[in-house]
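What follows is one structure encoded as structure tokens, with my remarks underneath.
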Amino acid sequence: MVEYAVSDLVKEVKVLLDRNQESAGLLAPDDSDTLSQAELIESKIVDAARIILSDAPEDMVEGTSCANDVTWADSNGYYVGNMVLPTDMLRILSVKAEGWNRPAEIISESDDAYKYQNCKYGVRGNPERPIAAIVHTANGKSIELYTSKKQNATLAFIYVQVPSITAEQKISLPSVLKDSILYMVGYLTCISLGDTDTASKFVGVARKLAHIVEPTETS
């Protein structure tokens, strides 16, 4: 991750917008409303980063590990783990408990597979084919781990943090996704300014730079 000054990112987005014929008049340097335009651009940075970091391929984002507090409970001879998820989590990259052959397949409590996770007849997750289920509990969003042969198995949990601007007006972003995020900021800014033609161009560039597959239309 690279830490960028928000003011520098705002300047770069203004350059992108000024280069475009449709938006040049909206962000003219001598415009009396230039300050509010800069504030508008700044207000879109976190939203743009969230969009790109949520959809970009795993090899383009950077994860962080957390100090996890997993509890394991006996369940028909194996152990089911439970951990409250970090409050600053945007997406999960990998969940792998000690003794698992590979990282877990991640499901939610609404998936059909979840109803089988407490079944003792071998169709639930196991060390060879582990399952991690995201569930809602009284303590917040949690993850259930199926299953472990060890009662105190350690857990490697890697996730992408929600982007945020620090008190020093800086934001940490993957350098490989910086340009994509700048174009997404431009897209959100143009939408706010009513420049939909420019916005459609910017969002296409943003997605291509991040290797995000364009959504297909269904008939």
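In percent, rounded to a whole number, the relative contact order of the chain is 29, using alpha-carbon pairs under 8 Å and six or more apart. Sorted largest first, the principal axis extents computed over the alpha-carbon atoms of the chain equal 72, 48, 30 Å. For the cross-link pairs Lys44/Lys170; Lys14/Lys178; Lys96/Lys141; Lys11/Lys201; Lys120/Lys141; Lys141/Lys178, the ones whose C-alpha atoms lie over 22 Å apart are Lys120/Lys141; Lys141/Lys178.
Computed per residue of the chain from DSSP H runs no shorter than four, each worth -39500 (n - 2.57), the mean residue ellipticity at 222 nm is -10000 deg cm²/dmol.
Computed with a 1.4 Å probe over protein heavy atoms only, the accessible surface of the chain comes to 54 Å² per residue. Its relative contact order, with pairs defined as Cα atoms under 8 Å and 6+ residues apart, puts segment 170-219 at 37 percent.
Restricting to the chain, what percent of DSSP beta bridges are antiparallel, rounded to 5? Within the chain, antiparallel bridges account for around 90 percent of the total.
Calculated on the Cα set of segment 84-195, radius of gyration then Dmax: 18.9, 58 Å.
Compactness of segment 43-126 is given as radius of gyration and Dmax, 16.0, 52 Å, from Cα positions. Summary value for segment 117-160: 31 percent relative contact order, contacts being C-alpha pairs under 8 angstrom separated by 6+ residues.
Ranking Arg102, Arg129, Arg207, Arg19 by solvent-accessible area of protein heavy atoms (1.4 Å probe, all protein chains present), from largest to smallest, gives Arg19, Arg129, Arg102, Arg207.
The values are calculated or read from the model by the stated rules, or taken from the named source; none is laboratory data. What you see is a predicted model; the values in this text were computed from it and never measured. Remember, those area values only see protein heavy atoms, side chains included, never the ligands or the DNA or RNA. Shrake-Rupley method; radii C 1.70, N 1.55, O 1.52, S 1.80 Å.
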